[in-house]
Amino acid sequence: MKRLRWLSPALGVLLFAAALWVLRRELQGISYRRVRATLAALPPSALAWSLLFAAANYAVLTGFDNLAFRYVGRKVRWWKVALVSFTGYAISNSVGFALISGTSVRYRFYSRWGLTAAEISRVVVFYVGTFWIGLLVLGGWSLGFDPHPALLRLPGGGAVRILGLLMLAAAAGYAVLAAVRRAPFRLRGTEVALPPAPVVAGQFVLSCLDWALAAGVFYVLLPPTRLTFTQFLTAFLAAQVLGLLSHVPGGAGVFEGAMVLLLRPYLSPEHILSSLVLYRIVYYLLPLAAALAVLTVDEVRIRGHGLARWGSAFGALSLQLAPKVLAVFVFLAGSVLLFSGATPTERARIYLLSRYVPLAVIEASYFLGSIVGVGLLVASNGVARRLDGAFYVAAVLLLAGVATSLLKGVDWEEALLLSLLLGALVPSRAAFDRRTTFWEGRFSPGWIVGVVSVLGASVWLGAFAFKHVEYSDELWWRFAAEADAPRFLRATVGATVAVLAFGVLRMLRPAPAEIHLPGEADLADAEAIIARQGSTVPFLVWLRDKTVLFNEARTAFLMYGVQGKTWVVMGDPVGGTPAEAAALIRAFFERCDDYGGVPVFYQVRKERLHQYADFGLTFVKLGEEAFVGLPDFTLDGADRKPFRLALNRFARAGLAFRIVEGEETERLMPQLRAVSDDWLAQKEASEKGFSLGFFDEAYVRRFPVAVVEEEGRVAAFATVWPGPDHTELSVDLMRYREPGPRNVMEALLLHLMLWGREQGYQRFNLGMAPLSGLEISAISPTWTRVGHFLFHRGERLYSFQGLRQYKEKFHPDWEPRYLAYPGGLALPRVTADVSALIAGGYRRIFRRRSHA
């Protein structure tokens with residue numbers, strides 16, 4: 001499977017290399033200055049028509065999604081759909097699906113409008129199908145009736161017309177099938193209904209307009225030629241398909257090579273290249289810049305009004321996508337600096353600069369500019385992953401890029417571009433909330449190929465720009481204001497060494513951790529395993545913030561998170577026989593060994609300690625977990641008088657308790673969200689994770705919810721974990737509104753225990769009391785002594801005794817929980833990493849903890 005991951009990037013490299021070879025062959029005798037002169041001579045009217053066609057094309061593309069909403073029977077304001085659709089297309093058209101998926105864009109946003117996963121899947125299938133309909137119709141028509149002459153001269157060119165007719169037949173077959181078939185298809189248990197005839201007609205019209213307008217954006221930039229638009233359309237569609245197959249972002253290089261090859265008999269190379277440059281700017285870069293501007297402005301606006309959570313509907317999308325769009329621009333900025341270092345400087349500017357700036361500074365700036373370009377290419381990976389360190393690195397490199405652009409040749413255009421990007425990056429600082437080390441993440445094959453391709457393209461561009469300069473060894477040591485070729489050679493070597501150094505450093509480090517969050521199939525298998533045991537702790541799997549590791553038979557699993565080099569399993573293995581649990585622990589040890597991780601098991605039970613001891617782990621006690629027996633739970637007796645007082649006070653205050661789930665939970669979701677936000681704000685707390693639940697609508701709707709209502713308004717709630725076979729009942733999220741009724745959470749727990757007793761549950765899990773039950777003696781280890789001290793003296797850090805006393809009044813039974821780790825001096829680092837994993841980063845460890 002790992003080799004297959006490289007198959008698509010390898011195909012992209014081959015197509016990209018072939019495109020560079022084609023460009024080199026076809027551009028023999030063409031100079032860089034001739035291309036620039038041709039570009040400058042392009043009439044403004046052609047550029048205006050190109051911009052108009054591009055705007056019309058993106059307007060048509062937004063119709064794809066609006067038509068899809070009609071197909072699935074959902075009504076959403078057209079402008080909202082259009083805004084998301086435009087942003088998604090502007091991004092995916094420019095960078096392809098390897099770096100950011102238009103499908104994930106829509107899923108993250110459309111799901112917030114209430115669309116189910118099935119409906120979003122239908123939307124995706126609909127607009128992808130619409131995309132290909134136009135290709136079949138227009139491609140089929142141009143191939144069948146007016147093909148490009150170059151295609152007819154290929155071996156087997158006679159079959160070109162037949163292929164075109166087959167494409168038309170496929171499109172017509174879809175239209176006929178949609179008209180005559182009413183029953184839906186069943187694909188792997190999923191029903192797929194064909195759209196009605198009016199919607200199908202809309203698909204054909206919009207898709208054909210899309211492809212025609214996209215081709216028109218390029219066609220109007222070309223000088224007059226005997227090539228008909230239909231013949232041009234054939235070449236355009238063929239080049240676009242090759243670009244899609246290459247998986248190179250935007251088909252860069254591959255599309256250009258194909259267009260130069262197919263248009264060479266009709267136009268001069270300088271005209272083709274100049275038109276291609278403008279086409280890239282008009283159809284790709286300008287819409288991408290508009291998408292970045294929309295996301296950045298919206299993020300600044302919602303932060304300015306304190307609406308980071310609620311905000312406008314588009315705010316949620318901007319928080320998710322801004323780092324990824326910024327990563328694209330950071331990558332492009334690095335490419336610009338490399339390409340700038342491969343092209344001649346403006347003579348008037350360099351001579352003016354040399355009058356005021358020492359030549360050594362100019363030479364150093366030219367060299368460092370290419371190094372900064374490589375740094376931005378590398379940093380873009382961390383920016384896309386929302387790493388805080390990558391944010392600062394990118395900001396520093398952008399500042400350095402501005403300085404080198406001005407000092408190497410007064411390239412104010414580059415400096416302005418980098419400054420604007422820096423201005424867009426800074427307001428998005430809060431989106432970079434991941435503290436993972438940059439080296440720990442996986443660098444995808446597509447990204448690696450992208451970096452190498454940009455470096456290779458810059459070398460090719462420099463060779464093209466300076467091919468009139470005869471190579472000699474003296475060029476390396478020539479320093480002069482007009483010596484652009486020597487500067488290009490030195491900068492290329494510096495950039496290449498920087499890329500190679502990065503690769504060597506990557507190879508010398510341990511393999512990165514493979515973190516795969518569970519999919520729907522994994523959660524379904526986990527649910528079946530959970531149903532065969534009694535604990536509620538495994539319900540944490542539905543947080544989807546941990547990797548799930550199954551045994552081969554998928555009869556047992558464990559869930560873990562990674563912080564630094566520490567790999568932490570939450571609880572004991574779930575399900576399976578003791579032998580299967582031991583095999584699963586062994587598999588986890590082997591995975592840790594593969595990636596240089598330190599295996600740790602958090603909150604394990606005393607009954608399993610021997611299994612961890614068999615693998616050489618040692619233990620420390622973390623605290624005790626409280627369980628209340630429900631069959632004998634009662635409010636009678638003098639010692640239960642505080643409970644009766646709490647419930648009487650609850651009733652006199654006019655409060656109501658009930659359990660809600662399903663549609664009722666969905667109806668109350670806005671109120672639950674408001675209570676949660678208010679609770680976090682009042683506690684000055686941040687959401688946790690790993691061993692503690694956080695407010696996520698999908699997670700909340702997964703379970704019953706116990707709510708306390710005051711005059712029909714939710715005042716408090718708790719998510720309920722109903723254990724399998726009525727063995728255990730527990731709660732996870734517990735939130736209440738401030739100011740609220742007195743002792744409302746105590747009353748909620750009492751009502752929930754009484755409800756659990758009526759439902760036949762055996763015990764109620766009140767959760768952990770950290771560091772409780774640690775006894776010291778003359779031979780107690782250091783950890784036990786430190787924990788005992790913190791429990792009795794550390795109330796300012798955490799309410800250790802207060803939490804124990806609060807749970808003690810329910811008269812629970814206490815069970816110890818342990819941390820299993822490799823021993824030695826690893827404990828301080830392990831405990832710090834576990835704390836950071838729960839808190840969401842080291843910086844959040846000492847913020848107030850998110851507990852009720």
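Label-to-label distance for A613 and W49 is 8.5 nm, based on points extended 7 Å past Cα in the beta-carbon direction. Just to verify a number: FRET efficiency for H468 and V396, C-beta to C-beta distance, R0 = 56 Å, to 0.05? Using R0 = 56 Å, I get an efficiency of 0.90. Only residues of region 684-718 count here: report those whose backbone N is under 16 Å from the spot 7 Å along Cα→Cβ of E664, or say none. The answer is 701-718. Calculated FRET efficiency, S354 to L420, Cβ-Cβ distance, R0 = 22 Å: about 0.20 to the nearest 0.05. 3J(HN,Hα) along region 219-233, derived from phi through the Karplus expression 6.51 cos²θ - 1.76 cosθ + 1.60 where θ = phi - 60°, amounts to 4, 6, 7, 8, x, x, 8, 6, 6, 6, 5, 5, 5, 4, 4 Hz, with x in place of Gly and Pro.
In this simple spin-label model, placing a label point 7 Å from the Cα along the Cα-to-Cβ direction at both K606 and A403 gives a separation of 6.3 nm.
Under a 5 Å amide H cut-off, with hydrogens placed 1.01 Å from N, L622 pairs with R817, Y818, L819 among residues at least 5 apart or on other chains.
Extension gain, W477-A674: 0.36 nm per intervening residue step, less the Cα-Cα distance, totals 64.1 nm. Backbone geometry of region 415-421 corresponds, through the Karplus equation with coefficients 6.51, -1.76 and 1.60 at θ = phi - 60°, to 3J(HN,Hα) couplings of 4, 5, 4, 5, 5, 5, 5 Hz, x marking Gly and Pro.
On a 28 Å Cα-Cα criterion, which of the cross-link pairs K324/K565; K80/K683; K565/K621; K324/K546 come out too long?
Working: K324/K565 26 Å; K80/K683 35 Å; K565/K621 22 Å; K324/K546 22 Å.
Listed pairs above 28 Å: K80/K683.
Around L489, under 14 Å between beta carbons, what's the net of Lys plus Arg minus Asp minus Glu among the other residues? Overall, the nearby charge balance is -1. Give me the one-decimal nm value for the distance between modelled label points at L286 and A364, 7 Å along each residue's Cα-to-Cβ direction. Between L286 and A364, the label points sit 4.1 nm apart. Residues whose amide H falls under 5 Å from that of V598, counting only those 5 or more places apart or on a different chain, are T566, W567, with hydrogens built in the peptide plane. Each Lys or Arg adds one and each Asp or Glu subtracts one; over the other residues with Cβ under 15 Å from the Cβ of P812, this totals -2. Return the FRET efficiency for the residue pair W132, D636: r is the Cβ-Cβ distance, R0 is 51 Å, and the value is rounded to the nearest 0.05. Efficiency for this residue pair is about 0.10.
A short reminder: the numbers here are calculations on the coordinates, not readings from a lab. Keep in mind that what you see is a predicted model, and the values were worked out from it rather than measured. Note that we place each Cβ from the backbone using ideal geometry, even for glycine, and neighbour counts take in every protein chain shown.
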